[in-house]
Amino acid sequence: MSDLNDLLDDIKRRMDGALESLRRDFSGLRSGRASPALLEPVRVEAYGGEVPLTQVASIAVPEARMITVQVWDRVLAGAVERAIRDAGLGLNPAGEGQTIRVPIPQLTEERRNELAKAAARYAEGAKIAVRGVRRDGMDKAKGFEKKGDISQDDVKTWSDAIQKTTDQYVKKVDDMLAEKEKEIKQV
């Protein structure tokens, strides 16, 4: 039975990874408040390739509706400004030398609905990842049966345990989505 516990531990660890990825995705969706995580998906054309914004600048939130980006290399200021504008975040940065100010506009009802749809897409991606982990777990259980390590009854027990774990994680994803949608819709 320790094989089942090992398998379930591995499955939970991988499903926790899917939840953590969803948390990161959600942190990039703004709800009207400034947050450094808002600029995490931004990639800047620099040094002959695309690099994350955090590798060429520091990000700060001096006030509730403003993000400042301090570019370390003055030459990259224009590229950073362009990258923020083109990232599809609905932001309009204003450069002042090596400092770029990014005001966070009030969210319109239309933009709130777009953000809620994006959150739902992220949540669906997390559910797909969780189901993929479930499928791998089921395949491993069937592999043990083929090798003769466990019986068909054991496979059924393992499958039930894996499914129960999957259902718990899908519910966590749904709960996270509901919370994020509530935050987005809040005026």
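So the values come out like this:
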quantity: Solvent-accessible area of Ile104 with every protein chain in place, 1.4 Å probe, in Å² to the nearest 10; calculated: 10 Å²
quantity: Charge dipole magnitude, Cβ of K and R +1, D and E -1 - the stretch 75-117, Cα centre, debye nearest 20; calculated: 60 debye
quantity: Exposed chymotrypsin sites (Phe, Trp or Tyr not before Pro) absent - longest run of the chain, DSSP non-H/G/I/E/B, at most 16 other C-beta within 10 Å; calculated: 73-187
quantity: The stretch 72-117-the stretch 1-66 distance, computed between alpha-carbon centres (Å); calculated: 18 Å
quantity: Charge dipole magnitude, Cβ of K and R +1, D and E -1 - the chain, Cα centre, debye nearest 20; calculated: 380 debye
quantity: Candidate lysines - alpha carbon under 19 Å from Lys146, same-chain residues fewer than 8 apart omitted; calculated: Lys156
quantity: Kirkwood Rh in Å, taken over all unlike Cα pairs in the chain; calculated: 19.1 Å
quantity: Low-density loop positions, trypsin sites (Lys or Arg not before Pro), the stretch 90-143 - DSSP coil, at most 16 other Cβ in 10 Å; calculated: none
quantity: Carbon and sulfur %, accessible surface of the chain computed with the full protein complex present, 1.4 Å; calculated: 48 percent
quantity: Whole-number accessible area per residue in Å² for the chain, which is evaluated in the context of all protein chains at 1.4 Å; calculated: 57 Å²
quantity: Probe 1.4 Å - accessible area at Glu63, Å² to nearest ten; calculated: 110 Å²
quantity: Formal net charge of residues neighbouring Val155 (Cβ-Cβ distance under 13 Å; K, R +1; D, E -1); calculated: -2
quantity: The chain: most fluctuating residue of Ala64, Ala18, Ala120 per GNM, C-alpha cutoff 10 Å; calculated: Ala64
quantity: Residue-averaged [θ]222 nm for the chain, counting only DSSP H segments that reach four residues, each worth -39500 (n - 2.57); calculated: -21000 deg cm²/dmol
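The values are calculated or read from the model by the stated rules, or taken from the named source; none is laboratory data. Keep in mind it's a predicted model, so treat the numbers as computed, not measured. No Cβ is skipped: glycine too gets one built from the backbone with ideal geometry, and neighbour counts run over all protein chains shown. The protein model used for the area step is the full one, side chains on, heavy atoms only, and it has no ligands, DNA or RNA in it. Shrake-Rupley method; radii C 1.70, N 1.55, O 1.52, S 1.80 Å.
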